[in-house]
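Structure first, then comments.
Each reported figure results from applying straightforward, stated rules to the coordinates on display, with no laboratory input. Because the structure is a prediction, the values reported are computed rather than measured. Virtual Cβ from ideal backbone geometry, glycine too; neighbours counted across all protein chains shown.
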Amino acid sequence: MTNPAPILLTRDSRGIATALLNRPERGNAYNADLLQALITALGHLKDDSGVRALVLRGAGKHFAAGADIHWLSEVAGYPPEEAYQASLATTRAMQLLNEFPKPTLAVIQGACFGGGAGLACCVDVALATPQAVFGLTEVRVGVAPTPISTHMVHAMGLRHARRYAATGERFGPEEALRIGLVHEVLEEEAIEARLEEILTAILLSAPGAVAATKTSMLGAAGLMLSEREMALLAHEGWVQRASAEGREGLAAFREKRRPAWFPAAAE
């Protein structure tokens with residue numbers, strides 16, 4: 001039996017493409033296969049003149065629970081170059097989504113942690129249900145969210161990004177709305193109708209003008225990442241993941257225990 005595709009791509013007659021993250025048994029947590037599928041899909045879709053917008057969704061109960069902990073544990077044992085390439089894949093996927101020349105939207109339900117929150121930071125419009133739960137949780141397992149750091153600051157502002165990236169706290173959709181991570185919070189029965197309203201507005205907008213506007217705004221804000229900046233972010237990520245903290249954090253998560261850096265006096 002072959003494994004199901006990690007991302008399912010569809011497109012309707014209007015040119016609205018949907019990328020469905022398709023690892024529901026893992027909360028749509030990403031691994032190498034999902035990242036590569038996302039990179040490939042974004043590369044194809046950005047040059048397809050028939051595509052007018054891209055909607056990102058998660059199959060099942062959750063949007064995206066960040067990086068697959070089993071994959072992270074495997075990557076932690078890679079030789080340096082392979083470990084760096086794994087980090088670069090995450091950085092590349094986020095860059096391509098952030099710089100995608102067509103309007104991008106995310107419909108968020110359930111868990112939206114770590115790199116999942118990174119995806120939310122990289123789209124133009126993020127809609128969430130009241131049941132969505134967010135967290136920049138990388139530090140809880142001893143790793144650093146460097147592949148998404150620039151996008152977090154862009155979406156939430158430095159003040160909010162610093163708090164949640166440093167504490168790893170979970171927070172609800174109303175807080176995500178307050179700090180700018182999502183644009184609207186809607187009940188499940190209302191979110192599809194609102195999505196259609198926004199897509200109609202997009203279809204009334206000239207595709208070339210939209211692409212030029214996005215490029216101009218990202219450029220003005222210094223958010224078009226160079227290859228050097230991408231390499232630095234990926235390097236920082238794999239170095240921390242391969243550190244003693246990274247190894248201990250992943251082990252503690254797997255073993256469902258407190259990490260060694262949590263003081264016994266705080267128990």
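Using the number of other C-beta atoms within 10 angstrom as an exposure proxy, rank 205, 49 with the fewest first.
Taking fewest neighbouring Cβ atoms as first place, the list is 49, 205.
Provide the percentage of antiparallel DSSP beta bridges, counting only those with both residues in the stretch 7-188; round to the nearest 5.
For the stretch 7-188, the DSSP antiparallel bridge percentage is about 25.
If you take every DSSP beta bridge whose two residues both sit in the stretch 91-231, what share of them, in percent to the nearest 5, is antiparallel?
Numbers: 2 of 11 bridges.
Bridges in the stretch 91-231 that DSSP calls antiparallel: roughly 20 percent.
Using only alpha-carbon positions, what ratio does the radius of gyration of the stretch 7-188 give when scaled by 2.2 N^0.38 Å?
On the way: Rg = 15.3 Å, N = 182, 2.2 N^0.38 = 15.9 Å.
Scaled against compact globular proteins, the figure is 0.96.
Would you compute, from DSSP H runs of 4+ residues alone, the mean residue ellipticity of the chain at 222 nm, taking -39500 (n - 2.57) per run and dividing by the full residue count, rounded to the nearest 500?
-15500 deg cm²/dmol
What's the exposure ranking of 148, 7, 191, going from fewest to most Cβ atoms within 10 Å?
Numbers: 148 31, 7 23, 191 19.
Lowest to highest Cβ neighbour count: 191, 7, 148.
I'd like the FRET efficiency for residue 264 and residue 74, computed as 1/(1 + (r/R0)^6) with the beta carbon distance as r and R0 of 30 Å, rounded to 0.05. Provide the component values of the computation, followed by the final result.
Numbers: r = 31 Å, r/R0 = 1.02.
In this case the efficiency is close to 0.50.
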